[in-house]
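Where a number appears in this text, it was derived from the coordinates with a stated rule and is not lab data. Since the model is a prediction, treat every value here as computed from it, not as a measurement. Neighbour counts run over all protein chains shown; Cβ positions are idealised from the backbone, glycine included.
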Amino acid sequence: MKSTILALALVFCLALSPACLAEPSSSDEFLSNLSKTWDSFLDMAGDAGKEAADWAVDSGLADWAGGAASDLSAWAEEAGLTEWAQDALSEVSEWYAQSGITEWAQDTADGLRAVIEENRPAVEAWLREAGEEVRLAWDTLTHPDGHTQREVEDAYEAVVESLEAAGAAY
C-alpha cells in the first residue's frame, strides 16, 4: 500500500514538474496515454456488455427467460398458489392485528421509557457494564417495533437476568 502511494506521488511529481515550466514532457505524454488507455478500456467493457446483450437476444435466451417467467406465473395463478398466498397473508395480517401484540409492545415500551427517564443515570451506568447482548436486548425493549413478540420476550428475560445479577452484586 505504501509503495503504491509512493509510486503515485512520484508520478504526480514527475508529471507536474515540467508543467510548472510549461514544457511538454514524457510525463505529459504518459498521462495522456494513460487517460486514453482508460477510456479505451471503458469502451471495450461497454462493447462487451452490448455484445452479450445482443447475443442473449439473438440466441433466444432473453425470450426463453421471459417465457419461463411468464409460464411460471401462469402456473401459479392456475394452481391457485397466488390466491392462496394472498389469502394466507391476509389471514396472518388480520390475526396479528387482532392478537394485541402491537398494543402490548407499545404499552410495554411506553412503560419502559418512563422508567428509563426516571432512572437514566443508573440505567446508563448499568448498560455500560452489562455487555453487548444486554444492550441489544435493551434496545429491543425500548424499540419493539419490527420485532416479534418472542424476540421482545427473550429481550425482556435477558434484561431481567442482567438486572438480577447486577442487583445481587450490590
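For Asp110, what is the net charge nearby, where nearby means another residue's Cβ is under 15 Å from its Cβ and Lys, Arg count +1, Asp, Glu -1?
Working: positive: Arg113; negative: Glu103, Asp107, Glu117, Glu118, Asp145.
Every neighbour counted, the sum reads -4.
Couplings for region 85-95, taken from phi via the Karplus curve 6.51 cos²θ - 1.76 cosθ + 1.60 with θ = phi - 60°, read 5, 5, 5, 4, 4, 4, 5, 5, 4, 5, 4 Hz in order; Gly and Pro are left as x.
The HN-Hα couplings worked out from phi for region 153-165 by the Karplus form 6.51 cos²θ - 1.76 cosθ + 1.60 (θ = phi - 60°) are 5, 4, 4, 4, 4, 5, 5, 4, 4, 5, 5, 4, 5 Hz, whole numbers, x standing for Gly and Pro. Here region 36-147 is treated as a sphere whose radius is the Kirkwood value from Cα pairs; by Stokes-Einstein at 10 °C and 1.306 mPa s it diffuses with a coefficient of 77 µm²/s. In this simple spin-label approximation, Ser73 and Val57 carry label points 7 Å from Cα along the Cα→Cβ vector, and these lie 2.0 nm apart.
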